[in-house]
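Accompanying notes for the structure given below.
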Amino acid sequence: MIAIASDHTALLYKKELLDFLRTLGHEAEDLGPLTSEPSDYPVYAEKVALSVTSGRAQKGILLCGTGIGMSIAAGKIRGVRCACCSELYSAILSRKHNDANILCLGARVIGIEPAKMIVQAWLETPFEGQRHARRLQMIEELEARGL
Ligand code: RB5
């Protein structure tokens with residue numbers, strides 16, 4: 001299952017990506033918001049992050065104006081490896097090298113069609129492991145230090 005959420009800037013964008021995910025055959029859960037009232041992105045970043053780190057969702061997608069606020073907020077939660085991407089190369093490498101478990105996109109930065117390409121490639125690209133796994137272990141150790 002893929003957990004997805006946005007803030008008010010990306011409501012329609014989220015709807016299009018939800019439809020796209022379902023077209024690809026993914027189960028997707030919309031964690032809000034459901035109306036276009038102004039909303040605070042950290043609230044929704046937390047919902048998706050906890051869905052992913054609890055194991056309920058395999059991966060998460062967060063959408064705001066730039067993707068940046070969502071990625072900063074989600075990255076505060078232990079176990080989140082969040083990638084804010086505006087192009088395909090970084091999105092693919094965020095899976096191969098970083099085993100990113102949440103993808104953030106900026107609805108005001110990239111159009112919906114490139115966003116769909118990024119989402120599909122990101123979901124279909126596996127983690128390569130090996131030397132990259134050792135580096136992820138180092139990131140976990142950084143988290144555990146709680147600095
Ligand atoms: C909301 O105006 C905007 O700040 C938000 O969507 C996001 O871009 C924050 O990083």
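The values are calculated or read from the model by the stated rules, or taken from the named source; none is laboratory data. All of these numbers come straight from a predicted model, not from anything done at the bench. We place every Cβ from the backbone using ideal geometry, glycine too, and count neighbours over all the protein chains shown.
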Exercise for the section: Tell me which residues, restricted to the stretch 13-47, are in contact (Cβ under 8 Å) with a residue 40 or more places away in the chain and closer than 21 Å to VAL109 by Cα. Expected result: TYR13, LYS14, GLU16, LEU17, PHE20, LEU21, ALA45
Exercise for the section: Could you check, for the stretch 78-101, whether at least one of its residues is within 15 Å of the chain's Cα centre (by Cα) and over 25 Å from LEU24 (Cα atoms)? Expected result: yes
Practice task
Specify which of the listed residues (ALA49, ALA45) is touching a strand residue (DSSP E or B) at 6+ places or on another chain (Cβ under 8 Å), closer than 23 Å to ALA10 by Cα, part of a helix (DSSP H, G or I) and away from the ligand (no atom under 15 Å from the Cβ).
Solution key: ALA49
Problem - Which listed residue is surrounded by 16 or more Cβ atoms within 10 Å (Cβ to Cβ), part of a strand (DSSP E or B) and either among the basic types (Lys, Arg) or at pLDDT 95 or above (or both), from ALA83, ALA115 - result: ALA83
Handout entry: Every residue from the stretch 1-34 that is polar (S, T, N, Q) and away from the ligand (no atom under 16 Å from the Cβ)
Key = THR23
Problem - Extreme residue, surrounded by the most Cβ atoms within 10 Å (Cβ to Cβ), among residues of the stretch 1-52 that are closer than 18 Å to GLY75 by Cα and charged (D, E, K, R) - result: ASP7
